[in-house]
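Each remark here refers to the structure printed beneath this line.
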Amino acid sequence: MYKIYAKEGEESELQEVSELRPGCWIYADEATSTDLKEISEMAGIHYADMLDCLDKYEIPRIERSGPNLFIFCRYPSDQEIGLYTSTLTLILTPDQFITICPHRSLLLKHFFDEVQTLPSLENTKLLVRLLLKINQEFTKQIRRVRYNVLSAEKEMIFVESDDITTLVKNEEILNQFLSCLAPTRTVLEGIRSGRYASIYEKERDFLEDCTHSIRQSEELCDIVIKSIRSLRDAYQIIFTNNLHKTIKLLTALTILLSIPTMIASVYGMNVDLPFAKSAFAFAIVMTMTFALSIFGLWIFKKKGWL
């Protein structure tokens with residue numbers, strides 16, 4: 001599904017229009033191959049050049065096809081299980097700005113609200129602002145994962161299997177973010193160099209700040225991943241220690257329970273035994289069993305097995 005938006009003047013709001021015009025924005029959300037064909041016919045773009053826009057595993061890169069500039073990006077999202085980033089393609093034609101996303105994108109929805117305040121839909125301004133928005137989303141999600149990891153460090157005393165699952169998931173999220181941030185930084189550096197599009201000095205400064213911010217996000221990802229690995233090692237030590245304690249406890253209980261079992265087995269034999277003719281045989285045997293059990297319990301308690 002796609003829509004076409006344009007502004008009538010600097011003070012006007014963003015309005016949906018029915019046909020293509022210079023300076024408009026083609027907004028394709030949950031795009032399909034049919035949408036790509038229609039957009040390619042309207043904007044005069046080769047359909048074959050647009051096929052990668054629907055590739056959910058496309059890596060961030062930049063390429064030029066004739067007068068059109070294709071910028072393939074990824075942004076934090078959880079549209080599919082096991083995939084924590086989504087593809088977003090930005091196409092700059094001489095007259096239009098095109099965004100294509102194969103999923104429903106909250107990022108584009110929020111960006112749409114921000115564009116309302118812009119005086120015009122100039123290609124380079126939309127490009128820089130959207131790239132900044134993607135970088136801000138990465139930073140926000142990395143901080144969220146970092147907060148989860150730090151919270152897990154504070155609650156290390158009680159470790160459950162769900163904690164391990166969450167830790168592994170957070171590590172996978174950061175690894176996917178890291179695999180996107182490095183090529184995204186390369187894309188930003190290419191745009192900032194002016195080789196692909198004419199960038200104003202102010203926008204160049206924004207891109208430089210964005211590049212530094214992405215580099216900081218990469219470093220933060222590395223730090224949090226290292227924290228996760230350290231935390232995972234700590235979890236393993238805790239699990240091993242708890243396992244040893246459980247084994248010692250079960251061993252001690254087995255020995256303690258074997259004492260009355262052995263005495264009962266001996267006195268269950270049909271032979272002459274001590275106290276067999278005594279009227280207090282049962283009390284004597286039970287007292288002896290209880291005393292031996294208490295003695296064994298004291299020994300295990302002293303050794304720290306219980």
In straight Cα distance, which lysines are under 29 Å from Lys37, not counting same-chain residues fewer than 8 positions off? Lys3, Lys7, Lys56, Lys109, Lys125, Lys133
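Of all DSSP beta bridges located in the chain, what percent are antiparallel, nearest 5? Mind showing how you got there, number by number?
Values: 25 of 31 bridges.
Bridges in the chain are about 80 percent antiparallel.
Before rounding to the nearest 500, sum -39500 (n - 2.57) across all DSSP H runs of length at least 4 in the chain and divide by the residue total; then give [θ] at 222 nm in deg cm²/dmol.
The per-residue figure over the chain is -21000 deg cm²/dmol.
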Out of these labelled values of Rg and Dmax of the Cα atoms in Å, [x] 34.0, 114; [y] 19.7, 65; [z] 19.7, 55, which was calculated from the coordinates shown here? [x]
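If I take every Cα pair under 8 Å that is 6 or more residues apart in the stretch 1-44, average their sequence separation and divide by the length, what percent do I get for the relative contact order?
Numbers: 49 pairs, mean separation 18.8, N = 44.
Relative CO of the stretch 1-44 lands at 43 percent.
Quick check on packing: order 33-41, 87-95 by the mean number of other C-beta atoms within 10 Å, highest mean leading. Don't skip to the answer; put the middle values down first.
Working: 33-41: 15.6, 87-95: 20.3.
Top of the packing list down: 87-95, 33-41.
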Likely footprinting exposure, Met262, Met269, Met50, Met288, fewest C-beta neighbours within 10 Å first: Met269, Met262, Met288, Met50
Ser65 long-range amide H proximity, modeled H, under 5 Å: Phe70
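Taking neighbour Cβ counts within 10 Å as the exposure measure, how do Trp25, Trp298 sort from fewest upward? Spell out each step's value before the answer.
Details: Trp25 20, Trp298 11.
Ranking Trp25, Trp298 by Cβ neighbours within 10 Å, fewest first, gives Trp298, Trp25.
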Relative contact order computed over the chain (Cα-Cα under 8 Å; 6+ residues apart), in percent: 14 percent
Sequence ranges 56-63, 98-105, 174-181, 246-253, ranked by mean other-Cβ count within 10 angstrom, highest first: 98-105, 174-181, 56-63, 246-253
List every residue whose amide H lies under 5 Å from the amide H of Val17, counting only residues 5 or more places away in sequence or on a different chain, with H placed 1.01 Å from N in the peptide plane. Ile4, Tyr5, Ala6
Taking θ = phi - 60°, what integer Hz values does the Karplus form 6.51 cos²θ - 1.76 cosθ + 1.60 yield along the stretch 172-187, in sequence order, with x for Gly and Pro? 5, 4, 5, 5, 5, 4, 5, 5, 9, 5, 4, x, 5, 5, 5, 4
The answer for Ser105, listing residues at least 5 apart or on another chain whose modeled amide H is closer than 5 Å to its amide H, is Glu30
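Every number here is computed from the coordinates shown, using simple stated rules; none is lab data. Since the structure is predicted, the reported quantities are computational estimates derived from the model, not experimental observations. We place every Cβ from the backbone using ideal geometry, glycine too, and count neighbours over all the protein chains shown.
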